[in-house]
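K.L.:
Pasting in a structure now, in C-alpha coordinates, and then I'll have a few things to ask.
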Amino acid sequence: MSLPEPLIPKSLGDALKAKAGKNVVAIAGGTDILVKLHDRFDDPQPKLLILDHLKAIHKIAITKKEVTIGPLVTFSEIEKSDILKAHASQLTEAASLAGSTQIRNRATIGGNLANGSPAGDLISPLYVLGASLELSSSKSKRIVPIEEFFIGPGKTVLKSNELITAIKIPKLNNHGFFLRLATRRALAISKVSVAASLIIENKKIESIKIALGAVAPTVIRATRTEELLLGKALSPQVIADAASIIKEEARPIDDIRSNALYRKEMVGVLLKRGLEGILNG
Amino acid sequence: MVRNNMTEPTIDIRFYLNGIAFNRNAPASWTLLRFLRDALGYTGTKCGCEVGECGACTVIVDGQPVNACLILTPQIDGANIWTIEGVAAAGANELHPIQKAFLECDAAHCGFCSPGMIMSTIALFLKNSNPDDAQIKQALAGNLCRCTGYIQIIDAVRKAASKITENDLQKFVS
(Lines give C-alpha, C1' and ligand atoms only; values in the text may rest on other atoms or scores of the structure.)
Protein backbone atom coordinates (compact mmCIF):
# COMPACT_ATOMS: atom_id res chain seq x y z
CA MET A 1 0.00 0.00 0.00
CA SER A 2 1.50 3.31 -1.08
CA LEU A 3 -0.77 6.31 -1.04
CA PRO A 4 -0.56 9.98 -1.99
CA GLU A 5 0.20 12.41 0.82
CA PRO A 6 -2.73 12.34 3.25
CA LEU A 7 -4.67 15.41 4.29
CA ILE A 8 -4.67 16.04 8.05
CA PRO A 9 -7.13 18.83 8.86
CA LYS A 10 -7.04 20.47 12.28
CA SER A 11 -10.63 21.74 12.15
CA LEU A 12 -13.96 20.57 10.75
CA GLY A 13 -14.00 23.58 8.41
CA ASP A 14 -10.63 22.58 6.96
CA ALA A 15 -11.81 18.98 6.66
CA LEU A 16 -14.91 20.00 4.69
CA LYS A 17 -12.83 22.15 2.33
CA ALA A 18 -10.39 19.29 1.80
CA LYS A 19 -13.23 16.81 1.15
CA ALA A 20 -14.15 18.80 -1.97
CA GLY A 21 -10.87 17.73 -3.60
CA LYS A 22 -10.59 14.99 -6.22
CA ASN A 23 -10.40 11.36 -5.13
CA VAL A 24 -10.40 12.21 -1.42
CA VAL A 25 -11.58 9.47 0.95
CA ALA A 26 -12.28 10.24 4.61
CA ILE A 27 -10.76 7.85 7.14
CA ALA A 28 -11.67 7.66 10.83
CA GLY A 29 -10.99 4.36 12.62
CA GLY A 30 -9.80 2.78 9.38
CA THR A 31 -11.20 -0.66 10.24
CA ASP A 32 -13.04 -0.91 6.91
CA ILE A 33 -10.94 1.32 4.65
CA LEU A 34 -7.52 -0.09 5.50
CA VAL A 35 -8.86 -3.60 4.93
CA LYS A 36 -10.14 -2.54 1.49
CA LEU A 37 -6.85 -0.82 0.63
CA HIS A 38 -4.72 -3.67 1.91
CA ASP A 39 -4.58 -5.62 -1.33
CA ARG A 40 -5.22 -2.77 -3.70
CA PHE A 41 -2.36 -1.61 -5.90
CA ASP A 42 -4.31 -0.14 -8.82
CA ASP A 43 -4.46 3.56 -9.64
CA PRO A 44 -5.60 6.03 -8.75
CA GLN A 45 -5.02 5.50 -5.06
CA PRO A 46 -7.24 7.71 -2.92
CA LYS A 47 -5.96 10.67 -0.98
CA LEU A 48 -6.87 9.93 2.63
CA LEU A 49 -8.48 12.64 4.72
CA ILE A 50 -7.52 11.78 8.29
CA LEU A 51 -10.28 12.85 10.67
CA ASP A 52 -8.71 11.66 13.97
CA HIS A 53 -7.96 15.10 15.37
CA LEU A 54 -11.43 16.66 14.97
CA LYS A 55 -12.67 16.76 18.57
CA ALA A 56 -15.76 18.82 17.61
CA ILE A 57 -17.35 15.74 15.97
CA HIS A 58 -16.16 13.25 18.56
CA LYS A 59 -18.74 13.58 21.36
CA ILE A 60 -22.21 12.56 22.50
CA ALA A 61 -24.60 15.35 23.52
CA ILE A 62 -28.15 15.39 24.83
CA THR A 63 -30.87 18.04 24.71
CA LYS A 64 -34.56 17.97 25.69
CA LYS A 65 -35.62 16.41 22.44
CA GLU A 66 -32.71 14.50 21.01
CA VAL A 67 -29.37 12.81 21.41
CA THR A 68 -26.59 13.86 19.03
CA ILE A 69 -23.72 11.52 18.31
CA GLY A 70 -20.59 12.81 16.59
CA PRO A 71 -19.47 10.62 13.67
CA LEU A 72 -16.06 9.98 15.26
CA VAL A 73 -17.60 8.39 18.36
CA THR A 74 -16.23 4.85 18.54
CA PHE A 75 -18.12 1.59 19.12
CA SER A 76 -16.42 1.32 22.55
CA GLU A 77 -17.64 4.80 23.50
CA ILE A 78 -21.19 3.98 22.36
CA GLU A 79 -21.11 0.73 24.33
CA LYS A 80 -20.17 2.58 27.53
CA SER A 81 -22.32 5.70 27.12
CA ASP A 82 -24.91 6.11 29.89
CA ILE A 83 -26.89 8.54 27.70
CA LEU A 84 -27.14 5.96 24.93
CA LYS A 85 -27.85 3.10 27.32
CA ALA A 86 -30.87 5.09 28.52
CA HIS A 87 -32.14 6.30 25.13
CA ALA A 88 -30.80 3.88 22.54
CA SER A 89 -30.25 0.47 24.12
CA GLN A 90 -30.45 -1.19 20.69
CA LEU A 91 -27.46 0.87 19.58
CA THR A 92 -25.32 0.15 22.66
CA GLU A 93 -26.12 -3.55 22.34
CA ALA A 94 -25.15 -3.59 18.65
CA ALA A 95 -21.93 -1.69 19.35
CA SER A 96 -20.96 -4.13 22.09
CA LEU A 97 -21.34 -7.17 19.81
CA ALA A 98 -19.36 -5.94 16.81
CA GLY A 99 -15.78 -6.93 15.99
CA SER A 100 -13.37 -7.32 18.89
CA THR A 101 -12.19 -5.01 21.67
CA GLN A 102 -9.39 -3.82 19.36
CA ILE A 103 -11.83 -3.10 16.51
CA ARG A 104 -14.43 -1.41 18.77
CA ASN A 105 -11.72 0.90 20.12
CA ARG A 106 -11.11 2.24 16.60
CA ALA A 107 -14.29 1.73 14.56
CA THR A 108 -16.62 4.74 14.47
CA ILE A 109 -20.36 5.21 13.96
CA GLY A 110 -19.72 7.59 11.05
CA GLY A 111 -17.55 4.98 9.37
CA ASN A 112 -20.13 2.26 9.89
CA LEU A 113 -22.72 4.43 8.10
CA ALA A 114 -20.50 5.78 5.31
CA ASN A 115 -19.21 2.29 4.53
CA GLY A 116 -22.80 1.46 3.59
CA SER A 117 -22.72 -2.28 4.19
CA PRO A 118 -26.20 -3.84 4.62
CA ALA A 119 -24.56 -5.84 7.44
CA GLY A 120 -23.33 -2.71 9.29
CA ASP A 121 -24.46 -3.47 12.83
CA LEU A 122 -25.25 0.09 13.94
CA ILE A 123 -27.58 0.74 11.02
CA SER A 124 -30.64 -1.32 11.95
CA PRO A 125 -30.75 0.19 15.48
CA LEU A 126 -30.60 3.67 13.95
CA TYR A 127 -33.52 2.77 11.62
CA VAL A 128 -35.79 1.81 14.49
CA LEU A 129 -34.72 4.78 16.57
CA GLY A 130 -35.75 7.11 13.72
CA ALA A 131 -32.29 8.66 13.41
CA SER A 132 -31.42 11.41 10.96
CA LEU A 133 -28.01 12.30 9.60
CA GLU A 134 -26.49 15.73 9.18
CA LEU A 135 -24.46 15.79 5.96
CA SER A 136 -22.22 18.82 5.49
CA SER A 137 -20.10 20.25 2.72
CA SER A 138 -18.02 23.42 2.97
CA LYS A 139 -20.97 25.30 1.45
CA SER A 140 -24.11 23.73 2.87
CA LYS A 141 -25.69 21.37 5.31
CA ARG A 142 -28.63 18.98 4.91
CA ILE A 143 -30.54 16.56 7.11
CA VAL A 144 -31.31 13.13 5.67
CA PRO A 145 -33.50 10.53 7.43
CA ILE A 146 -31.45 7.38 7.88
CA GLU A 147 -33.82 5.34 5.70
CA GLU A 148 -33.06 7.62 2.75
CA PHE A 149 -29.30 7.48 3.21
CA PHE A 150 -28.58 4.04 1.77
CA ILE A 151 -29.21 3.18 -1.88
CA GLY A 152 -27.46 -0.18 -2.25
CA PRO A 153 -24.59 -2.29 -0.91
CA GLY A 154 -21.75 0.17 -0.26
CA LYS A 155 -23.76 2.99 -1.86
CA THR A 156 -25.16 6.02 -0.05
CA VAL A 157 -26.44 9.49 -0.96
CA LEU A 158 -23.35 11.08 0.64
CA LYS A 159 -21.81 13.34 -2.02
CA SER A 160 -18.08 13.33 -2.68
CA ASN A 161 -17.73 16.80 -1.10
CA GLU A 162 -19.72 15.88 2.03
CA LEU A 163 -18.98 14.40 5.43
CA ILE A 164 -21.45 12.97 7.93
CA THR A 165 -21.20 15.57 10.71
CA ALA A 166 -23.87 14.37 13.17
CA ILE A 167 -26.23 11.49 13.90
CA LYS A 168 -29.41 12.66 15.67
CA ILE A 169 -31.76 10.37 17.57
CA PRO A 170 -35.11 11.63 18.93
CA LYS A 171 -35.61 10.81 22.62
CA LEU A 172 -38.21 8.04 22.86
CA ASN A 173 -39.25 6.07 25.88
CA ASN A 174 -38.99 2.78 24.04
CA HIS A 175 -38.49 -0.90 24.69
CA GLY A 176 -36.19 -2.47 22.22
CA PHE A 177 -33.68 -5.06 21.25
CA PHE A 178 -30.90 -5.82 18.82
CA LEU A 179 -30.09 -9.44 18.03
CA ARG A 180 -27.67 -10.83 15.50
CA LEU A 181 -26.28 -14.09 14.22
CA ALA A 182 -22.75 -14.58 12.96
CA THR A 183 -20.34 -17.49 12.53
CA ARG A 184 -18.74 -16.75 15.87
CA ARG A 185 -19.56 -14.19 18.50
CA ALA A 186 -16.49 -12.03 17.96
CA LEU A 187 -14.94 -10.72 14.77
CA ALA A 188 -17.59 -12.00 12.42
CA ILE A 189 -19.82 -9.99 10.14
CA SER A 190 -23.54 -10.51 10.76
CA LYS A 191 -25.41 -13.07 8.66
CA VAL A 192 -28.68 -11.62 9.97
CA SER A 193 -29.61 -8.91 12.43
CA VAL A 194 -32.95 -7.72 13.79
CA ALA A 195 -33.50 -4.45 15.66
CA ALA A 196 -36.78 -3.27 17.13
CA SER A 197 -38.18 -0.32 19.02
CA LEU A 198 -41.59 -0.57 20.71
CA ILE A 199 -43.72 1.77 22.74
CA ILE A 200 -46.17 -0.21 24.86
CA GLU A 201 -49.03 1.40 26.78
CA ASN A 202 -51.58 -0.56 28.82
CA LYS A 203 -50.03 -3.71 27.38
CA LYS A 204 -50.87 -2.63 23.81
CA ILE A 205 -48.21 -1.89 21.22
CA GLU A 206 -48.77 1.81 20.51
CA SER A 207 -45.83 2.16 18.18
CA ILE A 208 -43.35 -0.26 16.64
CA LYS A 209 -40.43 -0.23 14.24
CA ILE A 210 -38.51 -3.30 13.14
CA ALA A 211 -35.42 -3.26 10.93
CA LEU A 212 -33.53 -6.14 9.36
CA GLY A 213 -29.80 -6.18 8.59
CA ALA A 214 -27.87 -8.31 6.05
CA VAL A 215 -31.00 -9.68 4.36
CA ALA A 216 -31.47 -7.14 1.54
CA PRO A 217 -29.30 -4.72 -0.51
CA THR A 218 -29.70 -2.21 2.33
CA VAL A 219 -31.04 -2.48 5.86
CA ILE A 220 -34.86 -2.62 5.49
CA ARG A 221 -37.93 -2.03 7.64
CA ALA A 222 -40.29 -4.97 8.18
CA THR A 223 -43.43 -2.90 7.67
CA ARG A 224 -45.96 -5.73 7.24
CA THR A 225 -44.83 -7.29 10.48
CA GLU A 226 -45.01 -3.89 12.17
CA GLU A 227 -48.63 -3.50 10.93
CA LEU A 228 -49.55 -6.93 12.25
CA LEU A 229 -48.19 -6.11 15.69
CA LEU A 230 -49.49 -2.55 15.96
CA GLY A 231 -52.33 -2.18 18.48
CA LYS A 232 -51.98 -5.77 19.72
CA ALA A 233 -50.85 -7.07 23.08
CA LEU A 234 -47.84 -9.37 22.97
CA SER A 235 -48.75 -13.03 23.43
CA PRO A 236 -47.16 -16.30 22.32
CA GLN A 237 -49.66 -16.51 19.43
CA VAL A 238 -49.09 -12.93 18.26
CA ILE A 239 -45.33 -13.47 18.41
CA ALA A 240 -45.61 -16.70 16.39
CA ASP A 241 -47.70 -14.94 13.73
CA ALA A 242 -45.21 -12.07 13.51
CA ALA A 243 -42.25 -14.45 13.26
CA SER A 244 -43.89 -16.24 10.36
CA ILE A 245 -44.72 -13.05 8.42
CA ILE A 246 -41.31 -11.44 8.90
CA LYS A 247 -39.57 -14.33 7.14
CA GLU A 248 -41.35 -13.30 3.95
CA GLU A 249 -40.25 -9.67 4.31
CA ALA A 250 -36.56 -10.57 4.24
CA ARG A 251 -35.00 -10.59 0.75
CA PRO A 252 -31.66 -12.28 1.43
CA ILE A 253 -29.11 -13.73 -0.97
CA ASP A 254 -26.69 -16.65 -0.85
CA ASP A 255 -23.16 -15.40 -0.22
CA ILE A 256 -19.93 -16.39 1.53
CA ARG A 257 -21.41 -15.79 4.95
CA SER A 258 -24.70 -17.64 4.71
CA ASN A 259 -27.53 -18.65 2.40
CA ALA A 260 -30.92 -17.14 1.72
CA LEU A 261 -33.03 -19.95 3.14
CA TYR A 262 -31.19 -19.97 6.47
CA ARG A 263 -31.26 -16.20 6.72
CA LYS A 264 -35.05 -16.07 6.19
CA GLU A 265 -35.62 -18.67 8.89
CA MET A 266 -33.28 -16.89 11.32
CA VAL A 267 -35.01 -13.53 10.85
CA GLY A 268 -38.11 -15.19 12.32
CA VAL A 269 -36.16 -16.84 15.12
CA LEU A 270 -34.45 -13.58 16.14
CA LEU A 271 -37.74 -11.63 16.13
CA LYS A 272 -39.34 -14.32 18.28
CA ARG A 273 -36.44 -14.25 20.76
CA GLY A 274 -36.54 -10.48 20.96
CA LEU A 275 -40.30 -10.17 21.44
CA GLU A 276 -40.34 -13.01 23.98
CA GLY A 277 -37.66 -11.12 25.90
CA ILE A 278 -40.01 -8.12 26.11
CA LEU A 279 -43.10 -10.23 26.92
CA ASN A 280 -41.29 -12.03 29.74
CA GLY A 281 -39.86 -8.69 30.85
CA MET B 1 7.16 -4.28 -1.87
CA VAL B 2 9.71 -1.45 -1.87
CA ARG B 3 11.02 -0.79 1.64
CA ASN B 4 11.98 2.67 2.88
CA ASN B 5 11.17 4.22 -0.44
CA MET B 6 11.91 7.86 0.32
CA THR B 7 9.86 9.12 -2.62
CA GLU B 8 6.84 8.23 -0.49
CA PRO B 9 5.26 11.19 1.29
CA THR B 10 6.36 11.40 4.91
CA ILE B 11 5.10 13.15 8.00
CA ASP B 12 6.77 14.35 11.21
CA ILE B 13 5.18 12.70 14.21
CA ARG B 14 5.85 12.79 17.95
CA PHE B 15 4.82 9.93 20.18
CA TYR B 16 5.83 7.96 23.24
CA LEU B 17 6.86 4.35 22.67
CA ASN B 18 7.29 2.20 25.78
CA GLY B 19 7.77 5.34 27.84
CA ILE B 20 10.39 6.90 25.55
CA ALA B 21 9.68 10.11 23.63
CA PHE B 22 10.15 9.81 19.87
CA ASN B 23 10.19 12.48 17.19
CA ARG B 24 10.31 10.80 13.79
CA ASN B 25 9.71 11.33 10.13
CA ALA B 26 7.43 8.49 9.03
CA PRO B 27 6.06 7.36 5.66
CA ALA B 28 2.50 8.67 5.82
CA SER B 29 0.81 5.64 4.27
CA TRP B 30 2.56 3.09 6.50
CA THR B 31 0.61 1.34 9.18
CA LEU B 32 1.81 1.57 12.76
CA LEU B 33 2.64 -2.14 12.46
CA ARG B 34 4.97 -1.63 9.51
CA PHE B 35 6.49 1.48 11.08
CA LEU B 36 7.25 -0.36 14.34
CA ARG B 37 8.81 -3.33 12.57
CA ASP B 38 10.52 -1.89 9.49
CA ALA B 39 11.47 1.61 10.59
CA LEU B 40 12.04 1.27 14.34
CA GLY B 41 13.09 -2.40 14.49
CA TYR B 42 10.50 -3.31 17.10
CA THR B 43 9.68 -6.76 15.72
CA GLY B 44 8.04 -8.10 18.87
CA THR B 45 4.70 -6.91 17.50
CA LYS B 46 3.79 -9.63 15.02
CA CYS B 47 2.40 -9.27 11.53
CA GLY B 48 -0.37 -11.83 11.04
CA CYS B 49 -3.39 -11.08 8.89
CA GLU B 50 -2.95 -7.29 8.40
CA VAL B 51 -6.74 -6.88 8.31
CA GLY B 52 -7.64 -6.72 12.00
CA GLU B 53 -8.80 -10.30 12.43
CA CYS B 54 -5.97 -12.12 14.23
CA GLY B 55 -4.82 -9.68 16.92
CA ALA B 56 -1.12 -10.67 16.58
CA CYS B 57 -0.27 -6.96 16.16
CA THR B 58 -2.19 -5.78 19.23
CA VAL B 59 -0.52 -2.82 20.93
CA ILE B 60 -1.79 -0.42 23.58
CA VAL B 61 -2.44 3.12 22.37
CA ASP B 62 -3.50 5.63 25.03
CA GLY B 63 -4.52 2.83 27.37
CA GLN B 64 -6.63 0.95 24.79
CA PRO B 65 -5.77 -2.21 22.86
CA VAL B 66 -5.84 -1.69 19.10
CA ASN B 67 -4.67 -3.50 15.97
CA ALA B 68 -1.43 -1.84 14.80
CA CYS B 69 -2.22 -3.04 11.25
CA LEU B 70 -5.26 -0.75 11.07
CA ILE B 71 -3.68 2.55 12.15
CA LEU B 72 -1.66 4.82 9.89
CA THR B 73 1.38 6.72 11.14
CA PRO B 74 -0.34 10.16 11.01
CA GLN B 75 -2.97 8.74 13.38
CA ILE B 76 -0.43 8.09 16.17
CA ASP B 77 0.82 11.67 16.35
CA GLY B 78 0.76 12.56 20.06
CA ALA B 79 -0.07 9.01 21.16
CA ASN B 80 1.29 6.96 24.05
CA ILE B 81 2.12 3.49 22.66
CA TRP B 82 3.16 0.33 24.48
CA THR B 83 4.44 -2.81 22.74
CA ILE B 84 5.64 -6.17 24.04
CA GLU B 85 9.22 -4.84 24.17
CA GLY B 86 8.21 -2.46 26.94
CA VAL B 87 6.30 -4.93 29.10
CA ALA B 88 9.18 -6.21 31.26
CA ALA B 89 10.79 -3.43 33.30
CA ALA B 90 13.61 -1.74 31.37
CA GLY B 91 17.01 -2.98 32.47
CA ALA B 92 15.58 -5.52 34.89
CA ASN B 93 16.65 -9.09 34.28
CA GLU B 94 13.15 -10.28 34.96
CA LEU B 95 9.94 -10.79 33.06
CA HIS B 96 6.66 -9.04 33.87
CA PRO B 97 4.25 -11.10 36.04
CA ILE B 98 1.93 -11.58 33.04
CA GLN B 99 4.81 -12.96 30.95
CA LYS B 100 5.82 -15.24 33.81
CA ALA B 101 2.26 -16.57 34.08
CA PHE B 102 2.22 -17.28 30.32
CA LEU B 103 5.45 -19.30 30.71
CA GLU B 104 4.29 -21.15 33.80
CA CYS B 105 0.97 -22.12 32.26
CA ASP B 106 2.46 -23.18 28.90
CA ALA B 107 0.37 -20.50 27.21
CA ALA B 108 2.95 -20.05 24.45
CA HIS B 109 3.40 -22.91 22.03
CA CYS B 110 4.66 -21.43 18.77
CA GLY B 111 4.55 -18.04 20.48
CA PHE B 112 3.38 -16.00 17.51
CA CYS B 113 0.16 -14.84 19.18
CA SER B 114 1.77 -14.28 22.60
CA PRO B 115 2.77 -10.61 22.23
CA GLY B 116 -0.77 -9.71 21.16
CA MET B 117 -2.33 -11.91 23.83
CA ILE B 118 -0.17 -10.28 26.50
CA MET B 119 -0.99 -6.73 25.32
CA SER B 120 -4.73 -7.59 25.38
CA THR B 121 -4.29 -9.04 28.87
CA ILE B 122 -2.62 -5.83 30.07
CA ALA B 123 -5.48 -3.80 28.57
CA LEU B 124 -8.01 -6.03 30.34
CA PHE B 125 -6.24 -5.61 33.69
CA LEU B 126 -6.14 -1.83 33.23
CA LYS B 127 -9.95 -1.92 33.39
CA ASN B 128 -10.52 -4.98 35.52
CA SER B 129 -7.74 -6.67 37.47
CA ASN B 130 -10.03 -9.41 38.79
CA PRO B 131 -11.84 -10.71 35.69
CA ASP B 132 -13.97 -13.84 35.58
CA ASP B 133 -13.55 -16.39 32.78
CA ALA B 134 -16.27 -14.82 30.62
CA GLN B 135 -14.59 -11.42 30.88
CA ILE B 136 -11.20 -12.96 30.03
CA LYS B 137 -12.66 -14.66 26.95
CA GLN B 138 -14.34 -11.47 25.83
CA ALA B 139 -11.14 -9.46 26.26
CA LEU B 140 -9.16 -12.00 24.22
CA ALA B 141 -11.82 -12.59 21.55
CA GLY B 142 -9.84 -10.45 19.10
CA ASN B 143 -6.68 -12.54 19.48
CA LEU B 144 -6.44 -15.84 17.63
CA CYS B 145 -4.26 -18.76 18.74
CA ARG B 146 -3.88 -21.80 16.50
CA CYS B 147 -1.87 -23.93 18.95
CA THR B 148 -3.19 -23.99 22.47
CA GLY B 149 -6.94 -24.23 22.11
CA TYR B 150 -6.90 -21.24 24.48
CA ILE B 151 -7.17 -23.26 27.71
CA GLN B 152 -3.60 -22.53 28.81
CA ILE B 153 -3.91 -18.90 27.81
CA ILE B 154 -7.02 -18.41 29.93
CA ASP B 155 -5.24 -20.24 32.78
CA ALA B 156 -2.32 -17.84 32.41
CA VAL B 157 -4.53 -14.75 32.50
CA ARG B 158 -6.30 -16.08 35.59
CA LYS B 159 -2.96 -16.79 37.26
CA ALA B 160 -1.56 -13.38 36.28
CA ALA B 161 -4.67 -11.72 37.72
CA SER B 162 -4.02 -13.37 41.07
CA LYS B 163 -0.46 -12.00 41.16
CA ILE B 164 -0.72 -8.59 39.55
CA THR B 165 -0.39 -5.38 41.54
CA GLU B 166 -1.19 -1.80 40.65
CA ASN B 167 2.56 -1.18 40.33
CA ASP B 168 2.79 -3.74 37.53
CA LEU B 169 0.23 -1.82 35.45
CA GLN B 170 0.83 1.81 36.25
CA LYS B 171 3.33 2.59 33.51
CA PHE B 172 1.00 1.52 30.68
CA VAL B 173 -1.30 4.48 31.26
CA SER B 174 1.21 7.10 32.33
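The values are calculated or read from the model by the stated rules, or taken from the named source; none is laboratory data. The structure presented is a predicted model; accordingly, all values stated were derived computationally and were not measured. Heads up, the Cβs are rebuilt from the backbone with ideal geometry, glycines too, and the neighbour counts pull from every protein chain shown. Keep in mind that these areas ignore ligands, DNA and RNA; they rest on the heavy atoms of the full protein, side chains included. Shrake-Rupley method; radii C 1.70, N 1.55, O 1.52, S 1.80 Å.
K.L.:
Evaluate the relative contact order of chain B (contact order divided by residue number), counting alpha-carbon pairs under 8 angstrom at least 6 apart; express in whole percent.
P.N.:
Result for chain B is 23 percent.
K.L.:
Classify chain B: rounded, prolate or oblate, from the alpha-carbon gyration tensor (a ≥ b ≥ c, eigenvalue square roots; a/c under 1.5 rounded; otherwise prolate if a/b is larger than b/c)?
P.N.:
Since a/c reaches 1.5 and a/b is larger than b/c, the shape of chain B is classed as prolate.
K.L.:
Between A:L34, A:L230, A:L84, which gets the highest mean-square fluctuation from a Gaussian network model of chain A, Cα cutoff 10 Å?
P.N.:
Highest fluctuation of the listed residues: A:L34.
K.L.:
Buried by at least 30 Å² relative to the chain on its own: which residues of the stretch A:86-108 qualify, computing accessible area with a 1.4 Å probe on protein heavy atoms?
P.N.:
A:T101, A:Q102, A:I103, A:N105, A:R106
K.L.:
Where a ≥ b ≥ c are the square roots of the eigenvalues of the C-alpha gyration tensor, would you call the protein assembly as shown rounded, which needs a/c under 1.5, or, failing that, prolate if a/b is larger than b/c, or oblate?
P.N.:
Oblate, since a/c reaches 1.5 and b/c is not below a/b.
K.L.:
Another question, then. Could you state the angle between the C-alpha long axis of helix B:114-127 and the longest principal axis of the C-alpha atoms of chain B, as a value from 0 to 90 degrees rounded to the nearest 10?
P.N.:
So the inclination is approximately 70 degrees.
K.L.:
Right, here's the next one. Most mobile of B:N67, B:N93, B:N128 per a Gaussian network model of chain B (Cα springs, under 10 Å)?
P.N.:
Maximum among the listed residues: B:N93.
K.L.:
Here is a further query. Net charge near A:V128: determine it from the other residues with C-beta under 11 Å of the C-beta of A:V128, scoring Lys and Arg +1 and Asp and Glu -1.
P.N.:
Here the count lands on 0.
K.L.:
Would you mind giving the mean number of other chain beta-carbons within 10 Å of the Cβ of each residue in A:2-10, as a whole number?
P.N.:
The per-residue average across the peptide is 5.
K.L.:
Kindly report the accessible area of the stretch B:52-174 per residue (heavy atoms of protein chains, probe 1.4 Å, no ligands, DNA or RNA), in Å².
P.N.:
With the other protein chains kept in place, the stretch B:52-174 gives 42 Å² per residue.
K.L.:
Mean Kyte-Doolittle of at least 0.0 and a Cα length of 18 Å or more along the axis: which whole DSSP H helices of chain A meet both?
P.N.:
A:236-249, A:260-279
K.L.:
Same structure again: For the A and B pair, go ahead and give the buried accessible area with a 1.4 Å probe, both sides summed, in Å² to 100.
P.N.:
2400 Å²
K.L.:
Quick one: Cα centre-to-centre distance for the stretch B:93-107 and the stretch A:4-62, in angstrom?
P.N.:
40 Å
K.L.:
If you don't mind, another one. Cα axis of helix B:151-163 to longest principal axis of chain B: angle in degrees, 0 to 90, nearest 10?
P.N.:
Compared with the principal axis, the helix lies near 80 degrees.
K.L.:
Would you list which aspartates and glutamates come within 18 Å of A:K59, measuring only between C-alpha atoms, while excluding same-chain residues fewer than 8 positions from it?
P.N.:
A:E77, A:E79, A:D82, A:E134, B:D62
K.L.:
Hey, which of these cross-link pairs are over 19 Å Cα-Cα: A:K65/A:K139; A:K19/A:K159; A:K171/A:K232; A:K17/A:K159; A:K22/A:K159?
P.N.:
Where the Cα-Cα span goes over 19 Å, the pairs concerned are A:K65/A:K139; A:K171/A:K232.
K.L.:
Among B:P65, B:P115, B:P97, which one moves the most in a GNM of chain B with springs linking Cα atoms closer than 10 Å?
P.N.:
The residue that fluctuates most here is B:P97.
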